[in-house]
Amino acid sequence: MVRKYQDMPVQTREHMRDGDGAVKLTEILTQKELMGQGRLFSQITLEPGCSIGTHEHKDEAEIFFLLQGEAQADDNGTPVTLRPGDMLYTGPGCYHSIANRGSEPVRLVALILFDEAH
């Protein structure tokens with residue numbers, strides 16, 4: 001299967017997880033295509049000033065892989081700066097947030113996988 005970027009569904013979420021501004025999600029695979037192993041595999045774009053608010057992952061893990069820009073993240077209480085090629089893993093029972101405080105868009109790939117107990 002090949003899915004061209006221009007054919008991937010896009011949605012915009014305002015104040016995602018009580019964050020600032022709008023977050024653009026480009027769906028790479030649907031939840032059905034993840035075959036019960038996860039619920040999200042998307043490219044996320046954060047324009048300057050936008051963020052995804054602090055939230056916990058229960059019975060699942062989320063991976064962010066930064067493609068473009070510089071992001072400020074909270075890694076379970078530890079502030080970190082992410083740059084292209086960096087990865088942030090948030091395991092079950094942990095929390096995170098991510099924000100674009102720069103002047104260029106931030107693009108990242110996000111994958112949410114279910115814990116074995118799910």
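The values are calculated or read from the model by the stated rules, or taken from the named source; none is laboratory data. Small disclaimer: the values here were computed from a predicted structure and weren't measured. Cβ: placed from backbone, ideal geometry, glycine included. Neighbour counts: every protein chain shown. Accessible surface areas use protein heavy atoms only, side chains included; no ligands, DNA or RNA. Shrake-Rupley method; radii C 1.70, N 1.55, O 1.52, S 1.80 Å.
Applied to segment 41-51, the Karplus parametrisation 6.51 cos²θ - 1.76 cosθ + 1.60 on θ = phi - 60° returns per-residue 3J(HN,Hα) values of 9, 9, 8, 10, 10, 10, 6, x, x, 9, 7 Hz, with x for Gly and Pro. Would you work out if the chain is rounded, prolate or oblate? Take a ≥ b ≥ c from the square roots of the eigenvalues of the alpha-carbon gyration tensor; rounded if a/c is under 1.5, else prolate when a/b is larger than b/c, oblate otherwise. Because a/c hits 1.5 or more and a/b fails to exceed b/c, the chain counts as oblate. Take the alpha carbon gyration tensor of segment 1-43, find the square roots of its eigenvalues, order them as a ≥ b ≥ c, and report rounded if a/c is under 1.5; if not, report prolate when a/b exceeds b/c, else oblate. Verdict is oblate for segment 1-43.
Residues 58, 32, 24, 4 ordered from highest to lowest accessible area at a 1.4 Å probe: 32, 58, 4, 24. Ranked by solvent-accessible area (1.4 Å probe, protein heavy atoms only, all chains present), the residues 10, 80 order from largest to smallest as 10, 80.
Rounded to the nearest 20 debye, the dipole magnitude of the chain is 380 debye, with +1 charges on Lys and Arg beta carbons, -1 on Asp and Glu beta carbons, and the Cα centre as origin.
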